Amino acid sequence: MEFSKEKLTLRLYQQTILNSAAKQNTLVILPTGLGKTHIAIALASLLHEKGKVLMMAPTLPLVNQHYKTFSEFFSPPEELAVLSGKIKSEERIELWKKAKLIFATPQTIRFDVIAGRISLSDLSLIVFDEAHRATGDYAYVFIAQAFMQTPNPGKILALTASPGSEVNVDDICKNLFVEKIEARDREHPEVIQYVKKIHTKFVMIDLTTPLLDIKKNLDVALASRVAELAKYSGINLDASKLSRKTILALKVDLQARFMIDKTYGRALSLCASVIKLQHAHALLTTESLQALRRYFEQIWFASAHSKTKALKDIVSDFRVKLAYSLTIKALENGMEHPKLDALRAAVERQFENKPTSKILVFTEFRDNVPTITDLLSKIPGVNVHKFIGQASRFEKGMNQKMQSEVIERFRQNELNVLVCTSVGEEGIDIPDVDIVVFYSPLPSTIRTIQRRGRTGRTDIGQVLMLVTKGTRDEAYYWASKRKEEVLQQVISTLQFSGNEKPKQATLVQQLENANIMVFADSRESDLAELLHKKGIKITLAPLKTGDFILSEDVGCERKEVSDFVNSLLDGRLFEQAKRMKETFTKPLLILEGDPNSLFTMRNVSQSALFGALASYVLDWGIPILYTKDKEETATLITTIAKREQIERKKTISVRGSHKPQTLPEMQQFFVEGLPQIGPEAAKALLKQLKSPKNVANASIDELKKVENIGDKKAELIRQIFDTLWKD
């Protein structure tokens with residue numbers, strides 16, 4: 001692979017950071033537009049001869065963007081490859097083998113590592129872009145741990161514009177095994193000469209009388225439910241200050257009370273009603289009447305097709321009905337949220353002053369995207385397009401290919417305004433955005449910094465924040481401002497010297513489980529990850545029946561408590577039980593979570609749930625095993641698989657597990673289709689008789705010479721092939 005060194009020029013701060021990254025695992029915190037990717041390119045040029053380089057990013061458009069940038073410096077092109085879930089697994093394996101520079105989403109890499117298709121020991125460098133995501137169960141965490149457990153791990157480079165908080169920095173460093181932090185804020189003396197000023201303008205907006213009338217009715221509807229809810233909870237609740245986080249915590253407490261006293265079912269229904277009314281309130285006060293109308297329509301539609309008490313409660317409320325009616329009336333009279341007028345005026349003014357402008361408008365709710373897009377499309381000279389995530393329950397969204405196409409059109413000046421949801425916060429590499437509009441402020445520091453970083457790269461940038469007075473807009477703005485001030489202090493004083501290497505305490509366990517194989521359904525990647533950590537060989541594939549196959553006899557369905565209740569209500573439960581019983585000699589169900597919460601979900605009667613559990617065990621003969629969480633489920637599956645495969649010498653059947661892909665798998669799959677022929681017998685027949693054709697043509701005496709094929713099996717096989725078929 002060749003590197004065009006003359007094309008890459010590093011600034012002093014980039015060279016300083018590169019020197020650190022070449023020696024130890026490094027977290028780079030650098031404002032957007034200051035060349036984090038070029039640092040990654042320079043480090044890749046130093047390390048690519050020692051092994052492959054893997055660069056990961058959260059979205060495919062951003063992955064493709066990195067591929068394009070690296071392609072300007074590295075050649076030949078066939079040694080650079082993009083891996084995604086859209087590429088067949090066999091092709092990904094070949095691309096991994098041939099490529100020196102690999103670009104992928106972390107979900108794809110995690111999937112292939114668990115399935116044993118790729119080895120991270122091939123790598124000399126892993127780059128984690130948008131590294132602030134490396135917390136909790138995000139795929140970055142698993143990949144870093146798996147990489148550091150290889151015999152001679154290479155270097156880790158983590159990149160982010162903002163880690164979020166001091167706590168988050170600690171988590172990122174631990175999860176990505178960072179040994180050194182290189183942080184620069186916009187005021188740092190090394191970067192200040194390269195940073196353009198960003199002017200932030202606030203437009204404070206008053207709600208109009210028609211909107212205040214709608215708000216008054218929603219306030220009353222909310223207050224009455226919160227007051228009733230306070231009686232159940234025993235806590236003083238203020239409807240105007242009740243956050244979603246508080247109401248969700250209260251719901252958990254009420255579910256526990258419901259186990260003892262069923263009258264708390266009303267309280268749970270009130271919680272659901274409050275959450276929905278709070279959302280309507282937010283759309284009214286901070287977004288648009290069109291968005292509110294769409295939400296009301298969704299509630300009324302859902303109520304007509306559902307028996308959910310919370311929905312019935314809302315649509316039967318006079319105040320909510322009146323709010324809905326006033327919303328429609330206001331729209332018919334040409335009224336809207338005054339933010340829209342402020343937005344239109346700002347965009348018109350910008351294009352009058354600079355016709356070649358580019359603008360990003362961020363809105364928090366997808367329901368508001370059509371309204372804003374339609375408004376801006378009527379301004380002369382504006383070519384506007386939505387930029388949203390993938391499909392939602394009520395609307396078809398934009399897949400990653402469509403997103404990439406829109407970004408490219410924006411870059412090529414075919415479009416000059418994008419109306420974005422949160423999907424636009426990361427991965428848009430557009431150096432000349434003139435204005436970023438916050439249709440609503442955000443409480444999140446990371447997201448605020450990400451959005452603001454889309455401007456002020458090559459010229460003075462502008463941020464416009466539209467704030468509705470006396471609403472959560474103001475609260476969010478001040479919360480974000482305080483958090484960001486704290487964060488800047490943290491970044492300016494960050495000191496970090498070393499991190500622990502990953503513990504090898506599980507090595508003995510991994511060696512013990514090295515000969516165990518489990519077939520896992522593709523949708524069970526979270527649990528497959530835990531099994532992989534235990535050393536079990538995982539084959540991920542779409543399974544026709546069950547979630548895990550542990551031996552030729554044992555297959556299991558894994559259900560969280562909520563899914564058990566949902567599958568009972570929608571009729572899937574016993575259909576799945578039927579297929580499990582037909583497919584496996586010893587089927588079982590693993591029920592994960594608190595079994596007591598079965599009786600607090602969806603308000604299903606206790607007798608119906610007991611009846612379903614009894615039927616599963618007594619009618620279908622499928623035992624139910626209980627686990628408290630996915631870690632315990634992984635331990636249980638490992639124990640059963642070890643018992644079956646190691647202690648009882650059982651194998652896993654190709655049939656029933658996944659669609660066979662190789663020719664030997666197809667041949668074994670065919671022979672296993674014969675009655676009473678499992679995987680061991682199928683392999684013995686093929687080993688002795690060489691081909692499925694010879695198995696079909698073999699005499700009874702020839703069949704009996706095969707290990708484990710007695711008189712009855714031999715006669716049955718001959719009968720299968722010799723008897724004429726009748727419908």
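The values are calculated or read from the model by the stated rules, or taken from the named source; none is laboratory data. Bear in mind that the values here come from a model prediction, so they are computed numbers and not experimental data. Reconstructed Cβ throughout: ideal geometry from the backbone, glycine too, with neighbour counts over all protein chains shown.
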State whether the residues of region 223-230 include one that is among the small types (Gly, Ala, Ser), closer than 28 Å to Glu336 by Cβ, not assigned by TED's automatic domain parsing to the domain that holds Tyr439 and not in a helix (DSSP H, G or I).
no
Do any helices (runs of 4 or more DSSP H) lying entirely in region 8-127 carry at least 2 residues that are free of Cβ contacts under 8 Å to residues at least 12 places away in the same chain and of a type in the set (Val, Ile, Thr), and which ones are they?
none
Selected residue (criterion: farthest from Leu268 (Cα to Cα)) from residues of region 299-332 that are assigned to a loop (DSSP other than H, G, I, E, B) and without any contact (Cβ under 8 Å) to a residue 60 or more places away in the chain
His305
Number of the exception - Thr59 against (1) surrounded by fewer than 22 Cβ atoms within 10 Å (Cβ to Cβ); (2) under 20 Å from Lys155 (Cα atoms):
(2)
Only unsatisfied item for Asp137, checking (1) more than 24 Å from Lys50 (Cβ to Cβ); (2) buried (at least 20 other Cβ atoms within 10 Å of the Cβ), is (2)
Which residues, taken from region 159-200, are among the charged types (D, E, K, R) and crowded, with 16+ Cβ neighbours inside 10 Å?
Asp171, Glu179, Lys180, Glu182, Arg184, Asp185, Arg186
From the list Phe365, Phe387, Phe296, exactly one residue is surrounded by 16 or more Cβ atoms within 10 Å (Cβ to Cβ), at pLDDT below 90 and closer than 23 Å to Cys271 by Cβ. Which is it?
Phe365
Return the residues of region 316-334 that are of a type outside the set (Lys, Arg) and surrounded by fewer than 16 Cβ atoms within 10 Å (Cβ to Cβ); say none if nothing qualifies.
Ser316, Phe318, Ser325, Ile328, Glu332, Asn333, Gly334
Among the residues of region 565-574, is any surrounded by fewer than 18 Cβ atoms within 10 Å (Cβ to Cβ) and at positive phi?
yes
Condition first: in a helix (DSSP H, G or I) and touching a residue at least 40 places away in the same chain (Cβ under 8 Å). Now tell me which residues in region 169-205 satisfy that.
Val169, Ile172, Cys173, Lys174, Asn175, Tyr194
Can you tell me how many residues within region 22-39 are hydrophobic (A, V, I, L, M, F, W, C) and either in contact with a Leu (Cβ under 6 Å, 6 or more places away or on another chain) or surrounded by fewer than 18 Cβ atoms within 10 Å (Cβ to Cβ) (or both)?
3
Output for region 404-419, where each listed residue is farther than 29 Å from Arg349 by Cβ and either crowded, with 21+ Cβ neighbours inside 10 Å or not acidic (Asp, Glu) (or both):
Ser404
If a residue has to be at pLDDT 90 or above and in contact with a Ser or Thr (Cβ under 7 Å, 6 or more places away or on another chain) to count, how many in region 71-98 make the cut?
4
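One line per residue, one yes/no per condition, for (1) in contact with a helix residue (DSSP H, G or I) (Cβ under 8 Å, 6 or more places away or on another chain); (2) touching a residue at least 40 places away in the same chain (Cβ under 8 Å); (3) outside any loop (DSSP other than H, G, I, E, B):
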| position | (1), (2), (3) |
| --- | --- |
| Pro355 | no, no, no |
| Gly381 | yes, no, no |
| Val406 | no, no, yes |
| Phe410 | no, yes, yes |
Criterion: at pLDDT below 85 and not hydrophobic (A, V, I, L, M, F, W, C) - qualifying residue of Thr583, Thr633, Thr627, Thr638:
Thr583
Just checking, does region 122-130 include any residue being within 19 Å of the chain's Cα centre (by Cα), at pLDDT below 95, farther than 18 Å from Leu47 by Cβ and in the same structural domain as Lys100 (by TED's automatic domain parsing)?
yes
If I filter region 334-353 down to residues being assigned to a loop (DSSP other than H, G, I, E, B) and within 37 Å of the chain's Cα centre (by Cα), which single residue comes out as farthest from Val463 (Cα to Cα)?
Glu336
